[in-house]
Amino acid sequence: MNIFRFLGDMSHILSFLLLLHKIVGGKSAAGISLRTAEMYAIVFCTRYIDLLWNFASLYNYLLKLLFIGASLTIVYFMRYGPSQKATYNADEDAFPVQYLIAPCAVLGVLINQDHSSPFEMVWAFSIYLEAVAILPQLFLLQKQGEVENLTSHYVFALGAYRALYLLNWMFRFMTEPDYQQRIVWLSGLVQTALYCDFFYHYYQSKKGGLNKSVKLP
Amino acid sequence: VLADVKKDEL
């Protein structure tokens with residue numbers, strides 16, 4: 001464990017807390033993409049299925065349970081919460097996710113770390129899907145033009161988590177002899193690159209004060 | 001075993 005990975009996990013937890021605060025606490029799903037929330041639930045339920053047989057550490061175990069629980073809770077409230085449904089904009093949340101899920105599934109089967117193990121294929125699928133899962137959310141924000149304060153912090157924390165993981169991978173590559181995870185590195189790079197535009201506008205709007213809303217052109 | 005060890009990240 002290194003500081004980058006720890007901060008990355010904390011940033012990921014923060015993004016969940018912000019989103020739960022908005023959706024469950026604030027009873028509002030305005031500006032939030034259900035499609036992204038559902039893809040994240042798929043990402044965690046597929047990647048962490050090794051909870052059933054793999055025990056790397058208590059920290060890992062607990063966070064995996066937390067991420068699965070939080071992502072399913074968010075989808076549940078966005079789908080069945082009365083006030084959340086009322087504030088969720090299904091027409092604008094229209095990114096064709098089948099064009100994301102299908103290619104990731106094909107890639108997961110073709111490019112993974114052990115072709116003999118079905119879990120490796122599912123795991124690779126989850127890594128690829130996570131890289132593009134944010135697209136419907138960014139698409140929705142782009143459409144709406146203005147990003148509500150809490151939502152902007154949620155997206156920022158979510159983007160920061162994988163950016164911090166990039167530093168973690170560089171650190172591990174330099175300090176551990178035979179450490180290589182090309183699949184994760186490339187996917188993490190793509191994932192973080194998708195946030196660059198948002199990061200820029202987030203920084204522009206927040207440098208004038210943390211509670212200014214983010215404007216996307 | 002290698003595969004499992006490798007999966008020490010979230």
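FYI, it's all coordinate maths here, none of it is from the lab. Not measured: the values here are computed from a predicted model. With ideal geometry, Cβ positions are generated from the backbone for all residues, glycine too; neighbour counts draw on all protein chains shown.
The long axis of helix A:58-80 is offset from the longest Cα principal axis of chain A by roughly 40 degrees. Expressed as a whole percent, how much of the Cα-Cα distance distribution for chain A exceeds 24 Å? In whole percent, the long-distance tail amounts to 43.
Based on a Kirkwood Rh over C-alpha pairs, give the Stokes-Einstein translational diffusion coefficient of the range A:105-217 at 25 °C and viscosity 0.890 mPa s in µm²/s.
157 µm²/s
Of A:Met1, A:Met78, the sequence from fewest to most neighbouring Cβ atoms within 10 angstrom is A:Met1, A:Met78. Between the Cα long axis of helix A:118-132 and the first principal axis of chain A there is an angle of about 30°, rounded to the nearest 10.
Using 20 Å as the Cα-Cα cut-off, could you pick out the over-long pairs in A:Lys22/A:Lys85; A:Lys64/B:Lys7; A:Lys143/A:Lys215; A:Lys22/A:Lys64; A:Lys27/A:Lys143? From A:Lys22/A:Lys85; A:Lys64/B:Lys7; A:Lys143/A:Lys215; A:Lys22/A:Lys64; A:Lys27/A:Lys143, over 20 Å: A:Lys22/A:Lys64; A:Lys27/A:Lys143. Each residue of the range A:192-208 was assigned a 3J(HN,Hα) from its phi angle through the Karplus curve 6.51 cos²θ - 1.76 cosθ + 1.60 (θ = phi - 60°); the sequence is 6, 4, 5, 8, 3, 4, 5, 4, 4, 5, 5, 5, 4, 7, 7, 6, x Hz, with glycine and proline shown as x.
Exposure proxy shown here: for A:Ser11, A:Ser187, the number of other Cβ atoms within 10 Å sets the order, fewest to most, as A:Ser11, A:Ser187. Judged by the gyration tensor of its Cα atoms, with axes a ≥ b ≥ c, the range A:41-150 is oblate; a/c meets the 1.5 cut and b/c is at least as large as a/b. Distance between Cα centroids, the range A:157-184 to the range A:48-80: provide it in whole Å. Between the Cα centres of the range A:157-184 and the range A:48-80 lies a distance of 21 Å. The charge dipole of the range A:173-217, taken about its Cα centre with unit charges on the Cβ of Lys, Arg, Asp and Glu (plus for the first two, minus for the last two), comes to roughly 440 debye.
Residue exposure proxy: A:Trp123, A:Trp169, A:Trp185, ordered by other Cβ atoms within 10 angstrom of their Cβ from fewest to most, comes out as A:Trp185, A:Trp169, A:Trp123.
Using +1 on the beta carbon of Lys and Arg, -1 on that of Asp and Glu, and nothing else charged, what's the dipole of chain A about the Cα centre, debye to 20? Each step should come with its number before you reach the end.
Working: 16 positive and 14 negative charges, 120 e Å.
With Lys and Arg at +1 and Asp and Glu at -1, about 580 debye.
Distances between placed amide hydrogens fall under 5 Å for A:Glu146 paired with A:Leu216, all partners being 5 or more residues away or on another chain.
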